[in-house]
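Asker: Let me begin by handing over the structure; questions about it come next.
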Amino acid sequence: MTRPTTWLCRGRRIAISGRPLVMGIVNVTPDSFSDGGVHFDPDRAVEHGLRLASDGADILDVGGESTRPGAAEVPAEEELRRVLPVIRGLAARCGIPVSVDTRKAAVAEGALEAGASIVNDVSALVHDPEMTATVLRAGAGVVLMHMQGTPADMQNAPCYGDVVGEVAGWLKARMKCAVEAGLDPETLCLDPGIGFGKRPEHNISLLGGLDRFVRLGRPVLIGLSRKSIVGILTGRGTSERLAGSLAGAVFAAMRGAHILRVHDVRETRDAVAVVSALTGLPDDSG
Ligand code: PT1
């Protein structure tokens, strides 16, 4: 299987052949699991995003609805009110592609109009029947993520026979469905959804079996920054999970992950620079 070399996002080709890219998280929510409320004010959220860009982020992911376990759904109008000024500000000033983390077509539509070029949909175009048409019209890049259940109920009783096989099979089916609907396969990116309807052992299996996702032929995104899996393995609270998160990021990079979604951009860039040099992945930093 050839390694994909680009990710097509609204006519812009993001190079993904070398070191893993770092996607910086910009939460605009009062209740996010690790930094909720910190950047709830739009100006401060833009400032934070610009800081992540100068820290070396390759992509910024802006989200106005928390999808952590147990989180409640946010109405589209409220989600739009939160993310639009931030996406507008960042798209105009940050110089790197901006992604919107949403399951709603109306939010994606507004975000794309405001300058976003990627839709990160944790429901893989399932939640909103209008989402496929929205991303198709814009030619946006799309992250298809796997989740068992919904954020509200996903941790109740996650259950799999062969978690890696089931998640890979499901992502492959979602990819086929997207292409049949007219999306360019080159716009797609895949994500096994660490922490989304998974027990600790499921998350561990998914990371160990990451090559199965890489073999699907599209870029693979991994988000485990500060998540409870890191907390369980280290015994640390959300604010003390940097070292564990970096170890997970390095492991994912070594197993072929193309994009790492993280809170701590500067530290992850350093970790990725070292691991890339030692494993012979080209690194374009300098
Ligand atoms: C992710 C991701 C995301 N994660 C993509 N988008 C979150 N593509 C939001 C916990 O167990 O991995 N990939 N958007 C955040 N969601 C969670 C899930 C946060 C689980 C925390 C946990 O602590």
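The values are calculated or read from the model by the stated rules, or taken from the named source; none is laboratory data. Owing to the predicted nature of the structure, the values given are computational and were not obtained by experimental measurement. Here the Cβ positions follow ideal geometry from the backbone for every residue, glycine too, while neighbour counts run over all protein chains shown.
Asker: Does the stretch 147-193 hold any residues that are among the hydroxyl-bearing types (S, T, Y) and modelled with pLDDT under 95, and which are they?
Answerer: From the stretch 147-193, those among the hydroxyl-bearing types (S, T, Y) are 150, 160, 187; that's our starting set.
Within the stretch 147-193, just T150 meets the criteria.
Asker: Mind checking whether some residue in the stretch 46-64 is assigned to a helix (DSSP H, G or I), β-branched (V, I, T) and within 14 Å of the ligand (Cβ to nearest atom)?
Answerer: no
Asker: Kindly check whether there is at least one residue in the stretch 213-225 that is within 15 Å of the ligand (Cβ to nearest atom), assigned to a helix (DSSP H, G or I) and either under 18 Å from R261 (Cβ atoms) or among the charged types (D, E, K, R) (or both).
Answerer: Scanning the stretch 213-225, I find at least one residue that is within 15 Å of the ligand (Cβ to nearest atom), assigned to a helix (DSSP H, G or I) and either under 18 Å from R261 (Cβ atoms) or among the charged types (D, E, K, R) (or both), so the answer is yes.
Asker: Only one residue in A92, A116, A140, A105 is over 19 Å from the mean Cα position of the chain (by Cα) and either buried (at least 16 other Cβ atoms within 10 Å of the Cβ) or not acidic (D, E) (or both), so which one is that?
Answerer: Unique residue meeting the criteria: A92.
Asker: Let me ask another. Please give the number of the condition G197 fails out of (1) in a helix (DSSP H, G or I); (2) within 16 Å of the ligand (Cβ to nearest atom); (3) not acidic (D, E).
Answerer: Evaluating G197 over (1) in a helix (DSSP H, G or I); (2) within 16 Å of the ligand (Cβ to nearest atom); (3) not acidic (D, E) leaves (1) as the failure.
Asker: Name every residue in the stretch 226-235 that is of a type in the set (S, T, Y) and within 12 Å of the ligand (Cβ to nearest atom), in order of residue number.
Answerer: Matches in the stretch 226-235: S228 only.
Asker: Also: Looking at the stretch 226-245 only, could you name the residues that are in a helix (DSSP H, G or I) and closer than 15 Å to I204 by Cα?
Answerer: Hits for the stretch 226-245 are S228, I229, V230, G231, I232, L233, T234, G244, S245.
Asker: Also: If you check I118 against the conditions, is it modelled with pLDDT of 95 or more, more than 15 Å from the ligand (Cβ to nearest atom) and under 24 Å from V26 (Cα atoms)?
Answerer: no
Asker: Here's a follow-up. Which residue, of S205, S239, S225, is within 20 Å of A157 (Cβ to Cβ) and either in contact with a Gly (Cβ under 9 Å, 6 or more places away or on another chain) or surrounded by fewer than 24 Cβ atoms within 10 Å (Cβ to Cβ) (or both)?
Answerer: Working: S239 fails: within 20 Å of A157 (Cβ to Cβ); S225 fails: within 20 Å of A157 (Cβ to Cβ).
Result: S205 is the single residue among S205, S239, S225 that is within 20 Å of A157 (Cβ to Cβ) and either in contact with a Gly (Cβ under 9 Å, 6 or more places away or on another chain) or surrounded by fewer than 24 Cβ atoms within 10 Å (Cβ to Cβ) (or both).
Asker: Checking the condition among the small types (G, A, S), buried (at least 16 other Cβ atoms within 10 Å of the Cβ), within 19 Å of the chain's Cα centre (by Cα) and part of a helix (DSSP H, G or I), which residue from A257, A178 passes?
Answerer: Values: A257 fails: part of a helix (DSSP H, G or I).
One residue alone meets the criteria, A178.
Asker: Which residue, of D270, D184, D264, D211, is more than 23 Å from M147 (Cβ to Cβ), surrounded by fewer than 18 Cβ atoms within 10 Å (Cβ to Cβ) and in contact (Cβ under 8 Å) with a residue 12 or more places away in the chain?
Answerer: After ruling out the rest, the residue left standing is D184.
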